[in-house]
Amino acid sequence: MSRGTKLWYKPIGLALGALAGAAAGLAFRQVWQLVAGERDAPDATDEERGWGEVLAAAALQGAIFAVVKAAVDRGGAAGVRWLTGRWPS
């Protein structure tokens, strides 16, 4: 990717990353509500919750964020190729 392409792609990538984070947060809350039947996932410092529940929530949240990030990154790269004819590297 040329220097010019990298310069204009950077702000787009940052905006996509912010949107991906928001979308992943919403998806996690919905999945947690379906899985646990609770509106809010436990915090790591919540004394009323056990280790298993806290770690399961963290693992699920991490998996959802990773999948959403990968999908957004891949879509952004495909969009750059569609616009420029070159895959970003």
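The values are calculated or read from the model by the stated rules, or taken from the named source; none is laboratory data. All figures in this text were calculated on a predicted structure; none of them were measured in a lab. Neighbour counts are summed over all protein chains in view; Cβ atoms, including those assigned to glycine, are modelled from backbone coordinates with ideal geometry.
Quick look at the numbers
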| quantity | calculated |
| --- | --- |
| Tabulated pairs, region 60-77, first free of Cβ contacts under 8 Å to residues at least 40 places away in the same chain, second of a type outside the set (D, E) and part of a helix (DSSP H, G or I), C-beta under 6 angstrom, 6+ apart or interchain | Q61/F28 |
| Total residues in region 34-63, condition assigned to a helix (DSSP H, G or I) and under 18 Å from the mean Cα position of the chain (by Cα) | 8 |
| Leading residue by the ranking (farthest from A22 (Cα to Cα)) among those in region 45-80 that are among the charged types (D, E, K, R) and surrounded by 12 or more Cβ atoms within 10 Å (Cβ to Cβ) | R49 |
| Number of the condition not met by G4 [criteria: (1) within 18 Å of the chain's Cα centre (by Cα); (2) loosely packed, with under 11 Cβ neighbours inside 10 Å; (3) at pLDDT below 95] | (1) |
| Criterion violated by P42 - all others in (1) of a type outside the set (V, I, T); (2) exposed (fewer than 15 other Cβ atoms within 10 Å of the Cβ); (3) modelled with pLDDT of 90 or more satisfied | (2) |
